Amino acid sequence: MAKIDEGKYNIKAVSNMLGIQPGTMRAWERRYNMIVPVRNDSGHRLYTDEHVRILKWLVDKVNQGFTISQAVSLLDRKEMEQPHDIVEETMDRAAAIQDELLEALLKFDENKAHDLINQAFSFYTIDKVLVEILGTLLVRIGDLWEKGMITTAHEHFATSILRSRIGIMMHSFPHNGILPKVVAVCAPGEWHELGLLIFTFFVRRKGFEVIYLGSSILEEDLEIVIDTVDAKFLFLSCTMRENIERTLTLIDRLKNDKPELAIGFGGFAVDSLPQKLKVTYEDHIVGQTKNEWEKWLVNKL
């Protein structure tokens, strides 16, 4: 608990300094009692420099992937003075969970896999688990499969487990009716949909209404869906290199037929594109990281 000195900042000032909503600050204080703001004669909160320092530390930890409850549990002066040790510890823990989860999936151990996913969600935010832990695991599984080190059965089993967990959470988020509708589907000939699921989850978290179609469908059927829902965004996932040519052909045709449609695509196959094609289709490549996805969406809105 912070020692109260002299309050200098009102809640709006602290909110602007730290980029955190006043309602969130009040909820943290009420739930965790990690600071006690001074009250002025009017009963308004006033925060000291020490309060601001503590809140900034907590915000930084949340941005690194901790839940607020985990960040508060780590809150003491020694840990605040040694943030790099904490970051390294949480990175090691995340990597260990990912390694154990990969082992469980490759042994077809469903119970162990679910236990490890639960463990990840108990310690990290939803975004960190989905994008950084499971997303990175997806890349590893795809790489092992492409090199012939695991079977299609392993890939299908991993996809089934992760799809079920992602799907349950994805449909729990409300959509913003003001935002344009999105269609998400695997590229022509593709049936590897786990990467598309994780990206779709990210888009749903942003408030977009997503029509998720999963594995590849007939191109004429895809156009019917786009027209029916009046979609403004289309996302394609291409994993196999042999499908990249058909994917680019589809993008070219849709660009010509539907110039108002924003088309993005990603997946393992995108990395194998020659540099010349990467430049040609730069406007459509959504990237691999959360920050790249965010930037692509912002630029298209």
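FYI, it's all coordinate maths here, none of it is from the lab. Given the structure is predicted, the values throughout are model-derived calculations rather than measurements. Ideal geometry is used to build each Cβ from the backbone, glycine not excepted, and the neighbour counts take in all protein chains shown.
Note on SER69 and ARG31: the model spin-label points, each 7 Å out from Cα along the C-beta direction, lie 0.8 nm apart.
Peptides 221-231, 252-262 ordered by packing proxy, namely the average of other Cβ atoms within 10 Å per residue, highest first: 221-231, 252-262.
Antiparallel versus total DSSP beta bridges in the chain: what percent is that, nearest 5? Spell out each step's value before the answer.
Numbers: 5 of 20 bridges.
Antiparallel: roughly 25 percent of the beta bridges in the chain.
Estimated at 0.36 nm per residue, the fully extended path between ASP271 and ASN40 surpasses their Cα-Cα distance by 77.4 nm.
Given a cut-off of under 8 Å on Cα pairs at least six residues apart, what relative contact order in percent is computed for the stretch 9-81?
Numbers: 48 pairs, mean separation 20.3, N = 73.
Over the stretch 9-81, the number comes to 28 percent.
Using the Cα centre of the stretch 162-301 as origin and beta-carbon charges of +1 (Lys, Arg) and -1 (Asp, Glu), tell me which of TYR281, VAL298, THR228 is placed farthest towards the positive end of the dipole. Farthest towards the positive pole: VAL298. Once the gyration tensor of the Cα atoms in the stretch 9-81 is diagonalised, the equivalent ellipsoid follows with semi-axes of 21, 12, 11 Å, ordered largest first. Against the compact-protein benchmark of 2.2 N^0.38 Å, the Cα-based radius of gyration of the chain scales to 1.17. Here the simple spin-label model places points 7 Å from the Cα toward Cβ, and for THR289 and ASP143 these points are separated by 1.6 nm.
With a Förster radius of 22 Å applied to the C-beta separation of ALA153 and ASP99, the computed FRET efficiency comes to 0.60. Return the FRET efficiency for the residue pair ILE224, TRP191: r is the Cβ-Cβ distance, R0 is 25 Å, and the value is rounded to the nearest 0.05. The pair ILE224/TRP191 has a calculated efficiency of 0.75.
Cut-off 16 Å, label point 7 angstrom out along Cα-to-Cβ of ARG241: give me the residues of the stretch 125-152 whose amide nitrogen falls inside. Only 142-149 fall inside the zone, counting backbone N under 16 Å. Here the relative contact order of the stretch 174-300, from alpha carbon pairs under 8 Å that lie six or more residues apart, stands at 25 percent.
Here the chain is treated with +1 on each Lys and Arg Cβ and -1 on each Asp and Glu Cβ, and its dipole about the Cα centre works out to around 1060 debye.
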